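Here the structure comes first, spelled out in structure tokens, and everything after it is commentary.
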Amino acid sequence: MSLENRHLLGLEGVSKNDIQLILDTAETFREVLERPIKKVPTLQGKTIVNLFFESSTRTRISFELAERRLSADVVNFSADMSSLKKGETLKDTARNIEAMKIDMVVMRHGAPGAALFLSKVINSVIINAGDGSHEHPTQALLDLYSIREKYNHIEGLNVCIVGDISHSRVALSNIHGLKTMGANIAVCGPATLIPRELDRLGVKIFNRIDEAIEWANVLNVLRIQLERQDKSFFPSLGEYRKYFAVTKDKIQKINKNITIMHPGPINRDVELSADLADGEHSIILQQVLNGVAVRMAVLYLLGTRS
């Protein structure tokens, strides 16, 4: 079996069968990560370039680990040290790198649609590691995998994404993926941080965190992305914490079993209380481990696609 598309640019339009295939394949690689020797020769001879134009810790390390676990040759590209500083275009940079006979590019870029643009100017396989506030497909896939691992299914679950929805690539990819897999989806946050068009995607909107907690099986809590905001969308972080932070007290008040997720990095005691992030409801570290397995699955399925 193989994926329908030769690139992974986003989860919008990706079929249920393809998502299912990625999650099932990730399960196999998850077992590999538990072995004493956590390496397979699957992509031996393939060269993968990590093309990151924005700073990243988790995603970049996760991809690099996944690539090395699959025995690929890995090249890390830093925009700060490149000819882009001298005025070279993304197109010329990518074409020059491809001329060195590479096979795949994992790219993070601040511009929405950058991965799609790259797929049209070079022949290598492109994996989107985040393009602006558009999509982050592998994060959503690891979130889906983590939910399925916890509940043994996704369909019918109530999943609420909490926080800065407008500036989040994680939110949009999760909405597309969860919708395809049959979950019920809601968002919660200040009205100024929730896009108006979400209701057209069949997404429920909560303006009070207590209502969201009462409704949800899973809360996927997002960071307030101050670096992407060109103006203030709420009075202060203290105000946000008071009305929208997910805390242990609020969970205990509702008195229900709920799963807490977060794509990281966490602003502790801003959007999520520290005791809850480290507590029994949290599967945040499990998400990190699952991210390597999911990215191994994506790299394998695209890197061996005929």
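What the table shows:
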quantity: Qualifying residue in the stretch 96-104 (condition: closer than 25 Å to Leu172 by Cα and either modelled with pLDDT of 95 or more or surrounded by fewer than 21 Cβ atoms within 10 Å (Cβ to Cβ) (or both)); calculated: yes
quantity: Per-region count, the stretch 138-171, residues modelled with pLDDT under 95 and over 20 Å from Ser282 (Cβ atoms); calculated: 4
quantity: Scope the stretch 1-46; condition among the hydroxyl-bearing types (Ser, Thr, Tyr) and crowded, with 17+ Cβ neighbours inside 10 Å; matching residues; calculated: Thr25, Thr42
quantity: Enumeration of residues in the stretch 113-127 that are part of a loop (DSSP other than H, G, I, E, B) and among the β-branched types (Val, Ile, Thr); calculated: Ile122
quantity: Cβ-Cβ under 6 Å pairs, at least 6 apart or on other chains, the stretch 88-112 side in a strand (DSSP E or B), far side hydroxyl-bearing (Ser, Thr, Tyr) and crowded, with 18+ Cβ neighbours inside 10 Å; calculated: Met104/Ser124; Val105/Ser124
quantity: Residue pairs meeting the criteria (Cβ under 7 Å; at least 6 apart or on separate chains; first within 13 Å of Met104 (Cα to Cα) and touching a residue at least 12 places away in the same chain (Cβ under 8 Å), in the stretch 32-52; second assigned to a helix (DSSP H, G or I) and hydrophobic (A, V, I, L, M, F, W, C)); calculated: Leu43/Leu299; Val49/Ile97; Asn50/Phe63
quantity: Meets criteria (more than 19 Å from Val170 (Cβ to Cβ) and without any contact (Cβ under 8 Å) to a residue 24 or more places away in the chain) for Glu27; calculated: no
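The values are calculated or read from the model by the stated rules, or taken from the named source; none is laboratory data. Please read all numbers here as calculations on a predicted model, not as lab measurements. Ideal geometry is used to build each Cβ from the backbone, glycine not excepted, and the neighbour counts take in all protein chains shown.
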